[in-house]
Amino acid sequence: MSYQIISDGACDLLSDYTTAHNIKIVPFYVTFDGENYTKEGEGIDHDTFYRKMIDEHAVPKSSLPSVQDYMDVFLPYVEQETPIICICITSKFSGSYNSACNARELILETHPKAAITVIDSTLNTASEGLFVNEAVKLRDAGISYEDSVAELERIKKTGRIYFTVGSLEYLIKNGRIGKLAVLAGDKLGIRPTIIMKDGDISLGGISRSRKKSKLSVLSSLKSYLNEPGINKEDYNFVVSCGYDYEEAAEFEKEAEEYLGIQCDKTVSCRIGTTIGCHTGPYALGLGIIQKNKLCN
């Protein structure tokens, strides 16, 4: 029996991909004035969003999908008796997962036979997008609902992001600095290498130039891929960026040569407005995840 894949907007998959693969997205909300919130992808496009940050030094804020938002998306599939796999951003960063779980519980009160699995991906942006892509592969290969859920739960811990940002400004202003707080204060000019794994972020290094920070990202990922028991052929890779598409295209070529990999050109992903609120316009990096073993 087939199933419907749903994800929140933090997966940063573009509409050409989600439409082609029948994925339903529950968007976050974004605001520049702290009062008027619009749904991601509906009120402002990527380029306009990032230009406001660059030209006006605007500091946007994001807000999570509500329980009602999830119920509105879940119910049509429940009424059609279509099972649902809903993939959410790491619960350490957002309450989106809790909203989805609460929506599920409310629906089960009136539809007790509904099949709704909500997965805390422990991931974010490009790695969450790759995780959704694995769900697509499983569904399209005819893997059962139960086996797909089990395999997704297994591989989610393998997802990582290695990235850099233009500065720490937006991470600090939006309260996402966490373990990177040691770098705050008068060091906004540094360019960190940030590693996200197991649902949280850590520091992989610091650089004084954009060129060196990009090399640090690649070096950090290469070190991981060289660890015992890690086979890079088992992983899928995708480059994602905020504002600068041209830089991302060049970085993708550099990554493929430096790491000896091929990035997945079929996964259309760009850091969206929700994540961009925290990373700023010049976020750039690589998401990775282990390919599922049931249909790859």
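Select the helices (runs of 4 or more DSSP H) contained entirely in the stretch 3-107, then report the ones holding at least 1 residues which are open to solvent by 10 Å² or more (accessible area, probe 1.4 Å), among the basic types (Lys, Arg) and at pLDDT below 95. Full working, then the answer.
Numbers: elements: 15-20, 46-56, 67-79.
By residue number, 46-56.
Could you list all residues from the stretch 118-145 that are more than 19 Å from the chain's Cα centre (by Cα) and either closer than 30 Å to residue 277 by Cβ or aromatic (Phe, Trp, Tyr) (or both)?
145
Just give me the residues in the stretch 108-131 being in a helix (DSSP H, G or I) and open to solvent by less than 20 Å² (accessible area, probe 1.4 Å), in sequence order.
Of the stretch 108-131, the ones in a helix (DSSP H, G or I) are 108-110, 125-131.
Of everything in the stretch 108-131, those that are in a helix (DSSP H, G or I) and open to solvent by less than 20 Å² (accessible area, probe 1.4 Å) turn out to be 125, 126, 127, 128, 129, 130, 131.
Quick check on the stretch 253-284: of everything there that is of a type outside the set (Ser, Thr, Tyr), open to solvent by 20 Å² or more (accessible area, probe 1.4 Å) and not in a loop (DSSP other than H, G, I, E, B), which residue is modelled with the lowest pLDDT?
Taking the stretch 253-284 and keeping what is of a type outside the set (Ser, Thr, Tyr), we get 253-257, 259-265, 267, 269-272, 275-278, 280-281, 283-284.
If we keep only those that are open to solvent by 20 Å² or more (accessible area, probe 1.4 Å) too, we end up with 253-254, 256-257, 260, 262, 264-265, 278.
Then drop every residue that is not not in a loop (DSSP other than H, G, I, E, B), which leaves 253-254, 256-257, 278.
Numbers: 253: 97, 254: 97, 256: 97, 257: 97, 278: 85.
Looking at residues that are of a type outside the set (Ser, Thr, Tyr), open to solvent by 20 Å² or more (accessible area, probe 1.4 Å) and not in a loop (DSSP other than H, G, I, E, B), I get 278.
Output the residues belonging to the stretch 285-294 that are outside any loop (DSSP other than H, G, I, E, B) and open to solvent by less than 10 Å² (accessible area, probe 1.4 Å).
Pass one, the stretch 285-294, residues outside any loop (DSSP other than H, G, I, E, B): 285-290.
Listed by number, the residues that qualify are 285, 286, 287, 288, 289.
For residue 148, are the conditions met, namely being open to solvent by less than 50 Å² (accessible area, probe 1.4 Å), under 17 Å from the mean Cα position of the chain (by Cα) and polar (S, T, N, Q)? Walk me through it before giving the result.
Values: open to solvent by less than 50 Å² (accessible area, probe 1.4 Å): yes; under 17 Å from the mean Cα position of the chain (by Cα): no; polar (S, T, N, Q): yes.
So residue 148 fails the test.
Any residue that is open to solvent by 70 Å² or more (accessible area, probe 1.4 Å), closer than 30 Å to residue 154 by Cβ and in contact with a helix residue (DSSP H, G or I) (Cβ under 7 Å, 6 or more places away or on another chain) - is there at least one of those in the stretch 237-250?
Filtering the stretch 237-250 for residues open to solvent by 70 Å² or more (accessible area, probe 1.4 Å) gives 245-246, 250.
If we keep only those that are closer than 30 Å to residue 154 by Cβ as well, we get none.
Checking the stretch 237-250: not a single residue is open to solvent by 70 Å² or more (accessible area, probe 1.4 Å), closer than 30 Å to residue 154 by Cβ and in contact with a helix residue (DSSP H, G or I) (Cβ under 7 Å, 6 or more places away or on another chain).
If residue 143 meets every condition in (1) of a type in the set (A, V, I, L, M, F, W, C); (2) modelled with pLDDT of 95 or more; (3) touching a Phe, Trp or Tyr at 6+ places or on another chain (Cβ under 7 Å) apart from one, which number is that one?
(3)
Out of 230, 155, 201, which single residue is modelled with pLDDT of 80 or more, under 21 Å from residue 269 (Cα atoms) and of a type in the set (A, V, I, L, M, F, W, C)? Walk me through it before giving the result.
Details: 230 fails: under 21 Å from residue 269 (Cα atoms); 201 fails: modelled with pLDDT of 80 or more.
155 is the lone residue from the list that is modelled with pLDDT of 80 or more, under 21 Å from residue 269 (Cα atoms) and of a type in the set (A, V, I, L, M, F, W, C).
Restricting attention to the stretch 113-145, which residues are under 18 Å from residue 83 (Cα atoms), in contact with a strand residue (DSSP E or B) (Cβ under 9 Å, 6 or more places away or on another chain) and among the charged types (D, E, K, R)?
Hits for the stretch 113-145 are 120, 134, 139.
List the residue pairs whose Cβ atoms are under 6 Å apart, where the first residue sits in the stretch 205-226 and is free of Cβ contacts under 8 Å to residues at least 60 places away in the same chain, the second is surrounded by 17 or more Cβ atoms within 10 Å (Cβ to Cβ) and of a type in the set (D, E, K, R), and the two are 6 or more positions apart or on different chains.
207/191; 213/191
Quick one: how many residues across the stretch 242-252 are part of a loop (DSSP other than H, G, I, E, B) and more than 15 Å from the chain's Cα centre (by Cα)?
Let us first name the residues in the stretch 242-252 that are part of a loop (DSSP other than H, G, I, E, B), namely 242-244.
Imposing the further condition that a residue be more than 15 Å from the chain's Cα centre (by Cα) reduces the set to 243-244.
So the count comes out to 2.
The values are calculated or read from the model by the stated rules, or taken from the named source; none is laboratory data. Owing to the predicted nature of the structure, the values given are computational and were not obtained by experimental measurement. No Cβ is skipped: glycine too gets one built from the backbone with ideal geometry, and neighbour counts run over all protein chains shown. Remember, those area values only see protein heavy atoms, side chains included, never the ligands or the DNA or RNA. Shrake-Rupley method; radii C 1.70, N 1.55, O 1.52, S 1.80 Å.
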